[in-house]
Every structure is written in structure tokens, then in C-alpha cells.
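Visitor: Structure incoming, see below.
The values are calculated or read from the model by the stated rules, or taken from the named source; none is laboratory data. Please read these numbers as outputs of a predicted model, since none were measured by experiment. A quick note on method: Cβ atoms are made from the backbone with ideal geometry, for glycine too, and the neighbour counts reach across all protein chains shown. With ligands, DNA and RNA removed, areas are computed over all heavy atoms of the protein, side chains included. Shrake-Rupley method; radii C 1.70, N 1.55, O 1.52, S 1.80 Å.
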Amino acid sequence: MRAGILLSVLDVRDPSSPRLTPIAGRDPEAVSPVAIVWPCPLPVDAYVAAGRKVEVPRPACPLCGKPLVFWSGYWRHVRAGGLAGGRCPKIFVPRVRCAPCRVSHALLPAFVLAWRLDVAETVGAVIGQVAGGACGVRPAAARAGVPYTTARDWVRRFRARGPELGAGFAALAVELGGEAIRPAAEAGRFALAAVGAAFAAAAGLPGWPGLGAWRFASSVSGGRLIAASTGSPFLVAGKRRFMPPVPSAPP
Ligand SMILES: [Zn+2]
């Protein structure tokens, strides 16, 4: 059976209904379990404290439109400053599945980035300071309480993806009636400005106010804001898409 990858993305205009975009393989019976990043407004410590009882919206199946059914879940660590009970508590990540489509999804809260221990606010604070030119990596890492090499990796990844992220978020900002951002000489600075403009424009839509720019960015990129090249962030607003699929994807 050929493994496929489905990239889950939120529609910025309707974040309650995630969509799946196949980026490799087309057989819905062969997809790997994927994550849906939902726009969770809860503070991290409130989410931690709720344990298994955390209330998560139940999206419709992105393939067939029928309601997904909660199907167990798993625990994972997150790292965030200022949390009671230690800096790396466990959070419960519920799973949902659609039996007819034979697909299951993990419902990740927006403060989580795929495959990253640190929460989106921490990652975003470091990227914002360094890519924005306020300071270097070392002081930003110290302030965030994360290892220097970890912070350096975030900034490198963000800058490497800067042209793509900048173009995608800038187009999204314009689509939502926001400010037009021109590409800056420095890719990271361009991407940073574009994320800010897109969030400012989206904050007028239901589901987004109060989330913060980095949870917003995590949500609309499927948690892949600074992921490796396993799948490009793929922004959707209504029927329009703002990022190209990865080069290996089928047309
Ligand atoms: Zn289904």
C-alpha cells in the first residue's frame, strides 16, 4: 500500500472546518494519520490542567464531510515558561477518526508546532526578536530560556523559508483586506511583517481574535511554520490557496 500524505489546513474564513490537501498519493485509504491544528484560545496551563477532559471542537471529516468521532488520543510534552507543575508538562492530544474514510487525525492545539517541544509563543518570540532585528540569537534564547542551538535552528529555518512564508502570508493579508507588505531585502524580516499583517487582517474574522499572531500562524500553516521540507505550509482562505505544494506533489 502506497503511503500518502495529507496536509491539513484551516480555512482562515472558517477555521471550524479544516480541509485536507493531498500532497502525495491520492488514495484516501492509504493516507497516513495527520494532524489538524485547531485555533485553541486556552492558555497553555489551562490546557494542561484540563488533562483528558480538555474541550476540543469536533471538526467534520475533511474527506467526506461527516462528523469525526473521538478516538482515544495520546500524551505529549510541551515546554513553556511560567507553568505550574514544571516547564515541560504533558498535554493530552485527542484523536478523531472517520471509519468510512479510514483516516484519523490528531487535534493539536494551536500553541503546538509539529515536532517541536516549545510552544508557538516561545518560538515566535525568539523569531520576532531576531528576524525583526532587535537582538541576536543568544540574548533571545536566554530570555526565552531555551538552548542557543535550538533558538538558532528556529531562526535559520524561518529565514530559509522566509520568501515562501512571506509571499504566502502577504497574499493572505491582502485577500483578507489587510495591509500590502512588500518583500524586504532580508527574507526573515519580510516573512515576519507578512505574518503580522495577515494576523491583523484575520483578527477581524470569527475564531481568530485573542489568539495571537503565532498561534494564528501555527494554525493556518498546519503547525508547519518552521517544519522541514515534509510539506509546505498551505494557506487557504475560502477557495483560494496561497502557497504552492511541495515540488514533488502531484499537480
Ligand atoms: Zn470521512
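Each row is one residue, and each column tells you yes or no for (1) assigned to a helix (DSSP H, G or I); (2) without any contact (Cβ under 8 Å) to a residue 12 or more places away in the chain; (3) under 30 Å from R13 (Cα atoms); (4) open to solvent by 50 Å² or more (accessible area, probe 1.4 Å).
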{"site": "W154", "(1), (2), (3), (4)": "yes, no, yes, no"}
{"site": "R157", "(1), (2), (3), (4)": "yes, no, yes, yes"}
{"site": "G166", "(1), (2), (3), (4)": "yes, no, yes, no"}
{"site": "G178", "(1), (2), (3), (4)": "no, no, yes, no"}
{"site": "I181", "(1), (2), (3), (4)": "no, no, yes, no"}
{"site": "A185", "(1), (2), (3), (4)": "no, yes, no, yes"}
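Visitor: Could I ask something else about it? Between a first residue in segment 54-69 that is touching a residue at least 12 places away in the same chain (Cβ under 8 Å) and of a type in the set (D, E, K, R) and a second residue that is within 11 Å of the ligand (Cβ to nearest atom) and assigned to a loop (DSSP other than H, G, I, E, B), which pairs have beta carbons less than 8 Å apart while being 6 or more apart in sequence or on different chains?
Guide: Sorted first by the residue in segment 54-69, then by its partner, the pairs are R58/L68; K66/P100.
Visitor: Regarding A140, is this residue among the small types (G, A, S) and part of a loop (DSSP other than H, G, I, E, B)? Spell out the reasoning first.
Guide: Numbers: among the small types (G, A, S): yes; part of a loop (DSSP other than H, G, I, E, B): no.
No: the conditions fail for A140.
Visitor: Still on this model: Out of the residues in segment 33-56 meeting the condition of being more than 16 Å from A120 (Cβ to Cβ) and outside any loop (DSSP other than H, G, I, E, B), tell me which one is most open to solvent (accessible area, probe 1.4 Å).
Guide: Filtering segment 33-56 down to residues more than 16 Å from A120 (Cβ to Cβ) leaves 33-34, 49-56.
Still in the list and also outside any loop (DSSP other than H, G, I, E, B): 34, 49-53.
On the way: V34: 15, A49: 87, A50: 35, G51: 13, R52: 147, K53: 175 Å².
Checking each candidate, the answer is K53.
Visitor: Taking the condition of being assigned to a loop (DSSP other than H, G, I, E, B) and within 16 Å of the ligand (Cβ to nearest atom), how many residues in segment 57-79 meet it?
Guide: Keep residues of segment 57-79 that are assigned to a loop (DSSP other than H, G, I, E, B), which gives 57-59, 61-66, 68, 78.
Imposing the further condition that a residue be within 16 Å of the ligand (Cβ to nearest atom) reduces the set to 58-59, 61-66, 68.
Summing the residues that are assigned to a loop (DSSP other than H, G, I, E, B) and within 16 Å of the ligand (Cβ to nearest atom) in segment 57-79 gives 9.
Visitor: A further question follows. Name the single residue, out of those in segment 117-132 being part of a loop (DSSP other than H, G, I, E, B) and over 12 Å from the mean Cα position of the chain (by Cα), that is farthest from the ligand (Cβ to nearest atom).
Guide: G132
Visitor: Are any residues in segment 95-116 assigned to a strand (DSSP E or B), crowded, with 20+ Cβ neighbours inside 10 Å and of a type outside the set (A, V, I, L, M, F, W, C), and if so, which ones?
Guide: So the first thing to find is which residues in segment 95-116 are assigned to a strand (DSSP E or B), and the list is 95-98, 103-109.
Filter again for crowded, with 20+ Cβ neighbours inside 10 Å, leaving 96, 98, 103, 105-109.
Once the filter is applied, which keeps residues that are assigned to a strand (DSSP E or B), crowded, with 20+ Cβ neighbours inside 10 Å and of a type outside the set (A, V, I, L, M, F, W, C), segment 95-116 yields H105, P109.
Yes/no matrix, rows are residues, columns are (1) more than 30 Å from G73 (Cα to Cα); (2) modelled with pLDDT under 95; (3) of a type in the set (A, V, I, L, M):
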residue	(1), (2), (3)
R97	no, yes, no
V103	no, yes, yes
A106	no, yes, yes
G128	yes, no, no
R143	yes, yes, no
P163	yes, yes, no
G168	yes, yes, no
I181	yes, yes, yes
